[in-house]
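As structure tokens, the structure follows; a few thoughts come after it.
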Amino acid sequence: MIPIARPQMGEEEKRLVWEAMEAGSLAQGPRVRALEEAFAAYIGTGHAVATSSGTTALHLALLGHGIGPGDEVVTVPFTFIASANCVVYTGARPAFVDVRADDFTLDPDLLEDAITPRTRAILPVSLYGQPARMDEIAAIAERHGLAVIEDAAQAHGAAIGDRRSGSWGIGAFSFYPTKNMTTGEGGMITTDDADLAERIRLLREHGMKVRYHHDVVGYNFRMTDIGAAIGLAQLPKLPAANDRRRAIAARYDAELRGVMTPVVRPGVTHVFHQYTIRVRERDRFAARLAELGVGSGVYYPIGVHRQKPFLALGYGDGSYPVTERLTSEVLSIPVHPGLSDGEVATVIEAVNRTAGELGPFEGER
Ligand SMILES: *Cc1c(COP(=O)(O)O)cnc(C)c1O
């Protein structure tokens, strides 16, 4: 079976991890600092703060803005649940806005209707490796005096023009093993705001600047030096890995038949964390692909507003027609950089054959 994801671990990862272990540098240390500096330089922000996961990066981004009970944060229901859970952790309330059917990201045309006097931040998700419409969103946020927190967990290296994901307001990245680069578990916050970065650093470490002197109630959301060692080996390989993802995506664009292929907006660098098609009879389609030796994934089968904890919080009645449609149509096929050309050909053959058997997709963008 060709897997939907396959982390790329090489000699450099082994060497750097072994060095960290030999140095006895296991928890947060010099490698975390080095990864923060290298990542900030790559994204083009003044500051980067490493965290224990993408989820804790999002959580700290909200806490850094002082968001809490009584506040609202606008996000999308078509995402991984962490994008909304992080809001709930703070005591604030997520307010959902539907996504666009063409690029799967927050629809800026619906945004202003969701903004209330309680709204403090907008948290768009750069899903599958394509930046959300950050320029429009940031302009609306500025008009209303709101913070922008980009969930860039799937968008390492993605860009609009020459501006990278993570460089509007705050960016929150994940380094989970299946993401475009990994540290095992881990995350990163990027920002140009030095004071915000400082507050977030404080919250990451139990509110402690001077050892055992605590200024605020903080957390332990630190990355390990072992994880950072993996990340230091992964980051230099990210541009080539993203290029390989794009080359595979270009072959899919040209050769897939009977399915709806993804849209890349003009001027945007898509890093294809996922290559997501829309198909007829999605669950049968995926089962047939598996029979033909091709793994696939559904990201995501249920809108966040319909997940059990959110139903319990009183969501579920909201009307998010695009999300409802996408959750039953989307299917991601393998696009990771470790695929051989032969495996890419196998995926194309399997998708085209299955679409031939089940009939062409006829929905609209
Ligand atoms: C992976 C992911 C997260 C959470 O990252 P973790 O490192 O798994 O905590 C948040 N949002 C999105 C869109 C993700 O894909």
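A few points about this structure:
- Mean Cβ count within 10 Å, highest first, over the residues of peptides 246-258, 88-100: 88-100, 246-258
- The three principal axes of the C-alpha atoms in region 238-358 carry coordinate ranges of 48, 35, 23 Å, sorted with the longest axis first.
- Extension gain, Glu357 back to Thr116 (0.36 nm per residue minus Cα-Cα distance, nm): 81.9 nm
- For the chain, fraction of C-alpha pairs farther apart than 32 Å, in %: 32 percent
- In terms of the mean number of neighbouring beta-carbon atoms within 10 Å, the peptides 262-275, 46-59, 225-238 order highest first as 46-59, 225-238, 262-275.
- For the chain, the solvent-accessible area works out to 41 Å² per residue, with a probe of 1.4 Å and every protein chain left in place.
- Applying 0.36 nm per residue to the separation of Ala345 and Ala38 and subtracting their alpha-carbon distance, the gain on full extension is 106.9 nm.
- Cα-projected label distance for Lys14 with Tyr212, points at 7 Å along beta-carbon direction, nm: 4.2 nm
- Per-peptide average of other Cβ atoms within 10 Å, ordering 286-293, 106-113 highest first: 106-113, 286-293
- Cα centroid separation - region 21-70 against region 271-290, whole Å: 33 Å
- Solvent-accessible area, 1.4 Å probe, carbon plus sulfur percent, for the chain: 53 percent
- Scattering curve values for region 35-173, log₁₀ I(q)/I(0), Debye with Cα scatterers, q = 0.11 Å⁻¹: -0.34
- Backbone phi angles across region 302-310, fed through the Karplus curve with coefficients 6.51, -1.76 and 1.60 (θ = phi - 60°), yield HN-Hα couplings of 9, x, 4, 5, 9, 6, 3, x, 7 Hz in residue order; Gly and Pro are listed as x.
- For Gly68, no residue whose modelled amide H falls within less than 5 Å of its own remains once neighbours fewer than 5 places apart on the same chain are excluded.
- As a calculated quantity, the FRET efficiency between Ala250 and Tyr89 at R0 = 41 Å, using C-beta atoms, amounts to about 0.55.
- Region 118-220: trypsin sites (Lys or Arg not before Pro) in DSSP coil with no more than 11 other Cβ atoms inside 10 Å: Arg211
The values are calculated or read from the model by the stated rules, or taken from the named source; none is laboratory data. The model shown is predicted, which means the values in this text are computed figures rather than measured ones. Glycine also receives a Cβ, built like all others from the backbone with ideal geometry; neighbour counts cover every protein chain displayed. With ligands, DNA and RNA removed, areas are computed over all heavy atoms of the protein, side chains included. Shrake-Rupley method; radii C 1.70, N 1.55, O 1.52, S 1.80 Å.
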